[in-house]
Each structure stands twice: as structure tokens, then as C-alpha cells.
1. Would you please list the contacts, defined by Cβ atoms under 6 Å and residues six or more apart or on different chains, that run from a residue in the stretch 415-433 that is closer than 15 Å to Met359 by Cβ to a residue that is among the small types (Gly, Ala, Ser)?
2. Please specify each residue of the stretch 215-229 satisfying the condition of being within 10 Å of Leu82 (Cα to Cα) and of a type in the set (A, V, I, L, M).
3. Criterion first (loosely packed, with under 14 Cβ neighbours inside 10 Å and outside any helix (DSSP H, G or I)) does Val229 satisfy it?
4. Of these, Leu3, Leu29, Leu22, which one is open to solvent by 50 Å² or more (accessible area, probe 1.4 Å), modelled with pLDDT of 75 or more and over 20 Å from Gly152 (Cβ atoms)?
5. List the residue pairs whose Cβ atoms are under 8 Å apart, where the first residue sits in the stretch 394-409 and is within 13 Å of Pro378 (Cα to Cα) and of a type in the set (A, V, I, L, M), the second is open to solvent by 30 Å² or more (accessible area, probe 1.4 Å) and not in a helix (DSSP H, G or I), and the two are 6 or more positions apart or on different chains.
6. Here are some conditions: (1) under 27 Å from the mean Cα position of the chain (by Cα); (2) modelled with pLDDT of 85 or more. Ala272 meets all but one. Which one does it not meet?
7. Does the stretch 262-274 hold any residues that are open to solvent by 30 Å² or more (accessible area, probe 1.4 Å) and in contact with a helix residue (DSSP H, G or I) (Cβ under 6 Å, 6 or more places away or on another chain), and which are they?
8. Just the residues that are more than 28 Å from the chain's Cα centre (by Cα) and either open to solvent by 70 Å² or more (accessible area, probe 1.4 Å) or of a type in the set (A, V, I, L, M) (or both), please, taken from the stretch 286-303.
Amino acid sequence: MNLFSPFAMTVYLIIALSLMGLPIGLSMLASSIMYLFITGQDMGIAAEQLLQGLNNSYTLLAIPLFILAAEIMNMGSLTDKLLGFCNAIVGRFRGGLGHVNILSSLIFSGMSGSAIADAAGVGRMVISMMTRGGRYTPAYAAAVTAASAVIGPIIPPSIPLVLYGLISDASIGFLFMAGIVPGLLLGVVLMAMNAYLARVRNFPVEEAVPLRELPGITFRALPALMMPVVLLGGIYSGVMTPTEAAAVAALYALVISAVLYRSVTLKGAYGALLSSGRSMATIGILISGALVFNYVVTRENIPVTVSQLLVAMDLSPMGFLLMVNVILLVLGALLEGGTILLVIVPILIPTAKLLGIDMVHFGIVVTVNLMIGLITPPYGLLLFIMGNITGESIKSIVRETLPFLAVMLGALLFITYVPDAVLWLPRLFGYQG
């Protein structure tokens, strides 16, 4: 490629604007408009791409609705009920509060679809529980919280899987279903590592909740526990589309928080709407910039060029997936996951299709990679969020996170090279891939 071609100049400007602190979405948008100007194209193409990409994509409405559902759940006492249930189930074992942290993330992930919502909401509360009385160090509590929050966007509902479905034309319903087993696998390996570290470091054993109290605790948490059942049951029964399910999730969270748990005020509801609006604005800018930049990428024939280059390397499907894992893990340590998903992944999809790789399986591999990037130094976003919550140094949090990162990479290899483990559940419900 010519180092001074219009496309190269576009990439240079994106990097320069990003280094200057401009959000990556706006950087892509401004640089793409410059490309249109340099190549003598109609500047209105940028607006046309935005209108076609945003207005014609009904599925995108699921994203703000899932965000709103997560905000409402964090606002009400729903989270308290879930934590009480998790503590009754696994809190009795050595390192029990670490297990509570992971189990609560597994359950919460079936409601929010966002790792950040998980970490900032239920994660903040569990960290307080773990560090009270010096039971666990703040760095270890932060590490468990960050690692378990990664599961959020893998178990459905999932905002990254919604975006992947848009760029790959894969069924979002089957993508959601394919994320269940990998998400549970990650939960199991994290609990196994927590149990090992608890034994090695002699973490405390919490007082067990009497079994006679378990039915009452479960009953009080049941409305919250039923939310994933309502959500996924509606999608897989054909009653609701993913977007409609997202609306139902937000309404359900509001009803049980306001009516059953009586923990929602008008001020709190307004704050939840405001916070979800800010979050969606950030995502919307990123999507907008990616839509226009992807037009530039397509016009420059970059996906075809990359596909031809990779095919010429004579990679097997497994070799290609290994290369994708390496690329995404490296990029995930440096870039925001949404940027990689909307800009880099579309370039890789044509080659994956050419090699016969199932698009649903590929979507799960991509998503797990991007989520692991959230806890990968030097720029893992969850590491910085945990640092802000606990006041611990990033270095100490990273040190405690490394054992969990290692077992998650092992789970990623299993997910990558045993596609049947990912696809058997979708196939059980009629997927033909």
C-alpha cells in the first residue's frame, strides 16, 4: 500500500486525533470525511452512510434498552437480593465471597449484557463485602470482580453479540444461545482458580447461611432470578425479537424494582435514564464513525485484499482462528473492544467465511477475545474501573488478575478448537450451522 495514499492518510489522521484525546468514533468520522474530500467524492456520502446504517437497523434499539435495564437493576434493591441468594448458595465454602462475586456476575450477566455495568454495579457492592474487616485485600477483590465481569457480555443478553450480528448477518438469537456454554465455562474456571487461591492463601470461611433459610432467600430473589428466563424464553420461543426482548427486560426490571421491591424513586429513575442515555451516546458515536469508515474500507477493497493475502498463506481454519486470537488479544490490550468489533472484525469475516468457519462460532470466539481484552494490561478498561473503585494501584490489581487471566486464556483455547461445545445448544434448537 502506498504510504501516502488517501486511505493511508485517513489511518494516520485517525491515529493522530485519537492520540490528541478525541473519541475514536469522532476520529473515524472526521478522517473519513477527509478521505471523501481528498478523493473528490460527494461529502453527503457520510450522512447517507449514517442514515442507512442507523435508521435501517431496528436491532440497534436493543442496545440502549439493555443498558437501561442494567441501570435500573443497579439502582434498585434487586442487586441486594441477588447477592443474598448467591451468598446462601456458595458463601459457605473457603474463599466463599470470591465465589459469591463470580456467581453474582454469572446471574447478572443474564440481565445486563454489559461488563462495565456488572463491574460498576454489583461488583462495587461485592468488593465492599469482600474487603470488610480485612477478609480479602482490595487488589484481590478488584481482580475477582474484573475477571468475573468479563462474563457479562458472553452470556446473553450481550451488546457485543448484537453488534457482531449486525456486521456478520449471523442470527442474534443463535448467537445468544451459543454464548451460554462458554460463559458458564468461564465461570467454572474462575471459581476453580478462586478455590485454589483460597486454599493456598488460607482465605476465611464465612459463616454458613442455615439451609432452613434458603427457601425464603430464594423466594425473595425469585423475581430477579426470573428475568433471564423471561428474556431468553421470549426470544427462543419466537414470541419476541431480541429488540423486543430488550424492551421487555427494561420494563420488567422497572416493575419488579418499583412495585415488588419498592426501591425506585422518580429521581432514581431519572438518573437511570440519564446514565443510560450518556452510555448510548458514547456507543452511538462509535457506531456512527465505524459506519462511515467502513465505507472507506470497503471502497478501498481492504477486506478482499486481506482475504486474498490470508488465503495465499494457506492457513487451515484452525490456523486462521489461532492467528485471529493472537491479533485480537494484542489489539484488545491496546484498543477499545467496540472499535475492534466494528472496524477490524469486518475485515476478517470474509476470510472466515471462505475457510468454512461457522459465523456463530466465530462470533463467540471474537467476543471472548474482546472481553478478555478488558482485563489485559496495559489498557484493560476494567482494570482502571477497579482502580477507581478500590483506590488500589493498577500494578497491584494486574498482579492479582494474572492467575484468572491465565485460566481464561485456557478456556478461550477450548472454545476456539472445540466448536461443537459452542454450537451444540443452538443446534439443539434448530441451528443448521
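The values are calculated or read from the model by the stated rules, or taken from the named source; none is laboratory data. Just so you know, these numbers come straight off a predicted model, no measurement behind them. Backbone-built Cβ (ideal geometry, glycine too); neighbour counts: all protein chains shown. Remember, those area values only see protein heavy atoms, side chains included, never the ligands or the DNA or RNA. Shrake-Rupley method; radii C 1.70, N 1.55, O 1.52, S 1.80 Å.
1. Val422/Ala178; Pro426/Ala178
2. Ile217, Ala221, Leu222, Ala224, Leu225, listed by residue number.
3. Spelling it out, it is not the case that Val229 is loosely packed, with under 14 Cβ neighbours inside 10 Å and outside any helix (DSSP H, G or I).
4. Exactly one residue qualifies, and that residue is Leu22.
5. Pairs found: Ile394/Pro377; Val398/Pro377.
6. (2)
7. Across the stretch 262-274, the qualifying residues are Ser263, Val264.
8. Arg299, Asn301
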